[in-house]
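Just below is one structure, and these are the notes that go with it.
The values are calculated or read from the model by the stated rules, or taken from the named source; none is laboratory data. Because the structure is predicted, anything quoted here is derived from the model rather than measured. For neighbour counting, all protein chains shown are included, and Cβ atoms are generated from backbone atoms with ideal geometry for every residue, glycine included. Protein only, heavy atoms only, side chains kept; ligands, DNA and RNA dropped before computing areas. Shrake-Rupley method; radii C 1.70, N 1.55, O 1.52, S 1.80 Å.
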Amino acid sequence: MKGTPLKSTAIEPATLHNPSAPFSQAMLTPSGANWLHVSGQLCTEGSCEEQAHTVWDQITALLKEAGMEIDNLTKINQYIVAGTDVSAYTRVRNKFLAGHRPANTLVLVPALAAPGALVEVEAIAAKF
């Protein structure tokens with residue numbers, strides 16, 4: 001398909017249930033992509049919602065520096081200290097993703113490496 005821009009494609013087999021949250025079961029990225037692996041981003045100030053805004057601002061800045069955008073994300077791993085913060089965090093994440101559905105893992109953890117951090121997000125992005 002000459003002229004069609006290459007991009008990652010969501011893989012959603014009919015044999016698997018549809019995700020209840022906005023993410024894809026898997027993302028397929030054709031060869032030849034430039035990959036960006038974003039280390040866990042965190043913040044130690046404010047509520048989980050405020051920290052989530054900061055973390056996603058940081059991820060957006062890293063993507064921009066690499067010539068990428070949110071739509072280039074193929075996988076995100078999220079770590080949250082308190083289960084009661086999942087809804088607030090998810091609202092922020094969904095705002096930043098704006099309908100984009102990368103593969104996704106969210107894990108509740110007892111603590112993060114930086115004292116005061118309530119959320120940490122690492123990401124992988126690909127661009128052709």
> Ignoring ligands, DNA and RNA, what percent of the accessible area of region 1-91 is carbon or sulfur (1.4 Å)?
Replying inline: 54
> In the chain, what percentage of the DSSP-assigned beta bridges are antiparallel, given to the nearest 5?
Replying inline: 70
>> For region 4-78, which GluC sites (Glu not before Pro) pass both filters: DSSP loop (anything but H, G, I, E, B) and at most 10 other C-beta atoms within 10 Å?
In response: GLU45
> So which aspartates and glutamates can LYS75 reach, going by Cα to Cα under 12 Å and dropping same-chain residues fewer than 8 places off?
Replying inline: GLU122
>> Per residue, how large is the accessible surface of the chain? Use a 1.4 angstrom probe and give square angstrom.
In response: 58
> What's the FRET efficiency of ASN94 with ALA14 using the Cβ-Cβ distance as r and R₀ = 22 Å, to the nearest 0.05?
Replying inline: 0.30
> Ignoring ligands and nucleic acids, what accessible area does LEU106 show with a 1.4 Å probe (Å², nearest 10)?
Replying inline: 60
> THR44: accessible area at probe 1.4 Å, nearest 10 Å²?
Replying inline: 60
> Once both axes come from the Cα atoms, what is the angle between helix 86-97 and the longest principal axis of the chain, in degrees from 0 to 90, rounded to 10?
Replying inline: 40
> Using the Cβ atoms and a cut-off under 14 Å, what net charge is assigned to the surroundings of SER47, where Lys and Arg are +1 and Asp and Glu are -1?
Replying inline: -3
>> Can you tell me the length gained on complete extension of the stretch ALA82 to THR60, counting 0.36 nm per residue apart and subtracting the Cα distance?
In response: 5.5 nm
>> For region 45-104, place one equal point scatterer on every Cα, skip the solvent, and apply the Debye formula. What is log10 of I(q)/I(0) at q = 0.13, 0.28, 0.29 Å⁻¹?
In response: -0.33, -1.31, -1.36
